[in-house]
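To start, the structure under review is shown below, and the notes come after it.
The values are calculated or read from the model by the stated rules, or taken from the named source; none is laboratory data. Note that the structure is predicted; figures quoted are calculated from it, not measured. We place every Cβ from the backbone using ideal geometry, glycine too, and count neighbours over all the protein chains shown.
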Amino acid sequence: MAKFELKLPKMGESVAEATITSWLKEVGDTIELDEAVVEIATDKVDSEVPSEVEGTLIEILYKKDDVVAVGEVIAVIETEGSNEVPVLETKTLQPEVEEVNKTIEKAKEVIDTPILKTSESGKFYSPLVRNIAQTEGVSMDELETIVGTGKDSRVTKEDILSYVENRGKESIKIETPKNVQQKVADKVVIPVNTKDGDEIIEISRMGKLVSKHMIDSLQTSAHVQSFIEIDVTNIVKWRNKVKDAFLKREGEKLTFTPIFMQAIASTIKKYPLINISVNGDKIIKKKNINLGMAAALPDGNLIVPVIKNADQLSLVGITKSVNDLANRARGNNLKPDEIQGGTYTVTNVGSFGSITGTPIINQPQVAILALGAIRKLPSVIETPEGDFIGIRHKMIVSHSYDHRVVNGALGGMFIKTLKDILESWDVNQDY
């Protein structure tokens, strides 16, 4: 018999750790190849860890809710086969052994360094964050001043690297947890009375994350909304004309979403100061246009997969990305990197029949667009022969933006330009 160590797999460049949310197998259970063994969660997405071998689960090394670093052994599986290890000559291995011993000694030094232990305030720092802090000479006092963006406000790899990169620059202000607490009003817990027959439902882990993210956004940004009505009659006619040929040729259903996404990406190129983030008293102007696409999950929660470099994609390319991300979002099969890095978000409230909405900005972005339902409406049509009443397809677009850095003129011009692009759609063009 042989033993196989099941490790927490790498889930993307920006993911250093995950939380064990549920063990799908117990000690003694038989496991098939590629069968899911444990459910894990990052601060953005849930996923499963499959087994790379067939065998029997003989040891579980972490409990539910434990935080595990990528690469750590989380379970041991006993497999059929020999567990004998070929013995090599000590002389041949001696240089490698010495090198390994040096690495171990360095690791011990990092772990034993006082500034890298859990702080007096009780904040947890992952091994990766502590290692970066040690390498860059970041003291525990400095580490305490970094506002974490990870789960439970933990400092992530990106947080510590951003701090190191901007270290010493006068323009960057690092807010301490104490200052943040002073800005946020104390939470008042209002008791709720229950009666016989009332059902108490536990909020899911993702639901709690979404709730916190939304509250944090409202406390961070000064939300302002602008609304505009767009005549999409030409787009409706064009889509009805080409959708069957599109499906036959590309193997993809052509919905309105990719059409709008392409127009939004073009509008952002004209107004790059919508594609920004705020860092202290500095504005970070993003090079890439990465469109977040808010999608509802079957359990009612929300997730935002990201179309990377949307401005560089053709309509066919955006359609494939939209359909793929939407399908895998519904099946909970998105990778952590696929829901990160968004620079502007679009939510389709019209898919639920809503005429419009006032969405909350997806931090650290500064704007979000809500697409309302497309409706047939009586409308005044201006012609050289005079004005007439006709039936037109129209929708209302709502633009929420951070008034700290986006004024009403920019927020309004943005959706006015989007309106012009969509209303000038050529019904006779090919896709």
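Return the residues of the range 159-189 that are exposed (fewer than 15 other Cβ atoms within 10 Å of the Cβ), assigned to a helix (DSSP H, G or I) and modelled with pLDDT of 65 or more; say none if nothing qualifies.
Of the range 159-189, the ones exposed (fewer than 15 other Cβ atoms within 10 Å of the Cβ) are 161, 165, 167-171, 173, 175-176, 178-189.
Then drop every residue that is not assigned to a helix (DSSP H, G or I), which leaves 161, 165, 178-183.
Of everything in the range 159-189, those that are exposed (fewer than 15 other Cβ atoms within 10 Å of the Cβ), assigned to a helix (DSSP H, G or I) and modelled with pLDDT of 65 or more turn out to be Leu161, Glu165.
Looking at the range 225-237 only, could you name the residues that are charged (D, E, K, R), buried (at least 16 other Cβ atoms within 10 Å of the Cβ) and farther than 30 Å from Asn407 by Cβ?
Residues satisfying the conditions do not exist here.
With more than 26 Å from Ser379 (Cα to Cα) and among the basic types (Lys, Arg) as the only criterion, which of Lys241, Lys208, Lys237 stands out?
Just one listed residue meets the conditions, Lys208.
When the range 386-425 is examined, which residues are found to be farther than 25 Å from Ile259 by Cα and either among the β-branched types (Val, Ile, Thr) or in a strand (DSSP E or B) (or both)?
Gly386, Asp387, Phe388, Ile389, Asp402, Val405, Val406
Consider the range 193-209. How many of its residues are in contact (Cβ under 8 Å) with a residue 12 or more places away in the chain and not small (Gly, Ala, Ser)?
Looking only at that region, the number is 3.
How many residues does the range 238-255 contain that are over 24 Å from Lys416 (Cα atoms) and either among the hydrophobic types (A, V, I, L, M, F, W, C) or buried (at least 20 other Cβ atoms within 10 Å of the Cβ) (or both)?
The number of residues fulfilling the criteria is 5.
Being among the acidic types (Asp, Glu), touching a residue at least 24 places away in the same chain (Cβ under 8 Å) and surrounded by fewer than 20 Cβ atoms within 10 Å (Cβ to Cβ) is the filter here, so list the residues in the range 14-45 that pass it.
Scanning the range 14-45 gives Glu26, Asp29, Asp43.
Can you tell me which residues in the range 339-350 are surrounded by 15 or more Cβ atoms within 10 Å (Cβ to Cβ) and either out of contact with any helix residue (DSSP H, G or I) (no Cβ under 7 Å at 6 or more places or on another chain) or hydroxyl-bearing (Ser, Thr, Tyr) (or both)?
Ile339, Gln340, Gly342, Thr343, Tyr344, Thr345, Thr347, Val349, Gly350
Could you count how many residues in the range 290-327 are over 11 Å from the mean Cα position of the chain (by Cα) and at pLDDT below 90?
Number satisfying all stated conditions: 7.
In the range 269-289, how many residues are in contact (Cβ under 8 Å) with a residue 40 or more places away in the chain and part of a loop (DSSP other than H, G, I, E, B)?
Residues flagged as in contact (Cβ under 8 Å) with a residue 40 or more places away in the chain and part of a loop (DSSP other than H, G, I, E, B) within the range 269-289 amount to 7.
When you scan the range 257-268, do you find a residue that is at negative phi and either part of a loop (DSSP other than H, G, I, E, B) or free of Cβ contacts under 8 Å to residues at least 12 places away in the same chain (or both), even just one?
Within the range 257-268, not a single residue is at negative phi and either part of a loop (DSSP other than H, G, I, E, B) or free of Cβ contacts under 8 Å to residues at least 12 places away in the same chain (or both).
Is the range 315-330 home to any residue that is surrounded by fewer than 21 Cβ atoms within 10 Å (Cβ to Cβ), assigned by TED's automatic domain parsing to the domain that holds Val304 and part of a loop (DSSP other than H, G, I, E, B)?
So far as the range 315-330 goes, no, none of its residues is surrounded by fewer than 21 Cβ atoms within 10 Å (Cβ to Cβ), assigned by TED's automatic domain parsing to the domain that holds Val304 and part of a loop (DSSP other than H, G, I, E, B).
Would you be able to say whether some residue in the range 351-369 is under 25 Å from Val45 (Cα atoms), among the small types (Gly, Ala, Ser), outside any strand (DSSP E or B) and assigned by TED's automatic domain parsing to the domain that holds Ile259?
Yes, the range 351-369 contains a residue that is under 25 Å from Val45 (Cα atoms), among the small types (Gly, Ala, Ser), outside any strand (DSSP E or B) and assigned by TED's automatic domain parsing to the domain that holds Ile259.
I'd like the full set of residues that are at pLDDT 95 or above, polar (S, T, N, Q) and surrounded by fewer than 16 Cβ atoms within 10 Å (Cβ to Cβ), limited to the range 256-289.
Ser266, Asn288
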